[in-house]
Amino acid sequence: MTALLASTAADPRPAGRLLVVEDEQKVAGALRKGLEGEGYIAVVEGTGEGALARLTAPGDTFDAILLDLTLPGRDGLDVLSDLRRRGIATPVIVLTARDTLDDRIVGLDAGADDYLIKPFAVAELLARLRAIGRRGRVTDVDRLGLDTLELDRASRQVTRAGRLIEVTAKEFDLLHYLARHLRQVVSRDTLAREVWRETARSTTLDNVIDVHISRLRRKIDLPGQVRLIQTIRGVGFVLREDTE
Ligand code: CA
C-alpha cells in the first residue's frame, strides 16, 4: 500500500487522502496544516455523523481515518463500530486523551489500527501513518477478499473458490484497490488517480477503466457464483456481494 508513504519532491502525487474527524477547530487546523505540509490531502469533519455520511457516500474514499474519540453527538467509538459493522475496513488511528486509557483499549477492540495520546507531535502521527501504509490492516496484511474471492498481495495471485485466476498486473492493481476499499463505491476519477496514476480525467481513460472492469468481471464472476464487481451507474464501481 504505497499510497500512504510520504511523497517526495520528485513525486507530485499526494501521499494519501486522510479524513480527520476532530471537533476542536484549533487541533483540526493544526493537523491539516501538518499533514498537507507532508503531501497528504486532509479532509476535516467536526462530527461523527458528518464523518459517517462522508465515509458511506459514493465515490469518496480515504486511505486512513484519524478519529478523535470525544465528539459531539455520536462519539468516536460509536462511529468506529458502525464503520466496521458496515464492512468498511479503512485503517483508523484513534486520537485520545491521556486520562482515558479504557477508551484506548476499547478503541482497539472496536477495530482501530493504532492510537495516539493527545497532545502528540505531527512527526509521531506521520510515523504511524507510514507504518499503516507498510503493513495494511493487521487482519489482512497479505490477504484480502470477499465471498470466495481471495487476493494475495505478496504473490499477486487471485483465486476464486480455490481456483487460480490469471490477471494482468493492471487488473491485479485495480482489483486490489477495490478490495482495499471493500463495499465502498469508487469513482472512475479515483481509479484514474490511484491505479492509473493519471491526474487528468479523459474519455479514453474512462473507456480503458471500463474495459479492465469488464475483463475482471468475466474472470471473477463466473456463472453460478455470487457477483462481486458491481457497477453503480453514473458513479463508479464497488466490490461487494450482489444485493439484487
Ligand atoms: Ca474532541
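The values are calculated or read from the model by the stated rules, or taken from the named source; none is laboratory data. Note that the structure is a prediction, hence the values are computed from the model and not measured. Glycine also receives a Cβ, built like all others from the backbone with ideal geometry; neighbour counts cover every protein chain displayed.
Residues that are in a helix (DSSP H, G or I) and under 21 Å from the mean Cα position of the chain (by Cα) occur in region 201-211; there is at least one.
The set of residues from region 59-74 being among the β-branched types (Val, Ile, Thr) and within 19 Å of Arg130 (Cα to Cα) comprises Thr61, Ile65. Out of Gly39, Gly73, Gly34, Gly46, one residue alone is at pLDDT 95 or above, out of contact with any strand residue (DSSP E or B) (no Cβ under 6 Å at 6 or more places or on another chain) and over 30 Å from Gln230 (Cβ atoms). It is Gly46. Going by what's in this entry, would Arg156 be described as surrounded by fewer than 16 Cβ atoms within 10 Å (Cβ to Cβ) and touching a helix residue (DSSP H, G or I) at 6+ places or on another chain (Cβ under 7 Å)? Yes. Scoring Glu49 on the criteria (1) more than 16 Å from the ligand (Cβ to nearest atom); (2) in contact (Cβ under 8 Å) with a residue 24 or more places away in the chain leaves a single failure, condition (1).
Across region 25-35, the qualifying residues are those that are over 13 Å from Leu66 (Cα atoms) and within 12 Å of the ligand (Cβ to nearest atom), and the one among them that is surrounded by the most Cβ atoms within 10 Å (Cβ to Cβ) is Gln25.
Give me the residue from region 54-90 that is closer than 16 Å to Glu22 by Cβ and surrounded by fewer than 18 Cβ atoms within 10 Å (Cβ to Cβ) and, out of that set, nearest to the ligand (Cβ to nearest atom). Taking the candidates together, the pick is Thr70. Has region 5-16 got at least one residue that is under 17 Å from the mean Cα position of the chain (by Cα), at pLDDT below 90 and part of a strand (DSSP E or B)? Scanning region 5-16, I find at least one residue that is under 17 Å from the mean Cα position of the chain (by Cα), at pLDDT below 90 and part of a strand (DSSP E or B), so the answer is yes.
The single residue among Gln184, Gln225 that is surrounded by 13 or more Cβ atoms within 10 Å (Cβ to Cβ), more than 18 Å from the chain's Cα centre (by Cα), of a type outside the set (Val, Ile, Thr) and assigned by TED's automatic domain parsing to the domain that holds Thr168 turns out to be Gln225.
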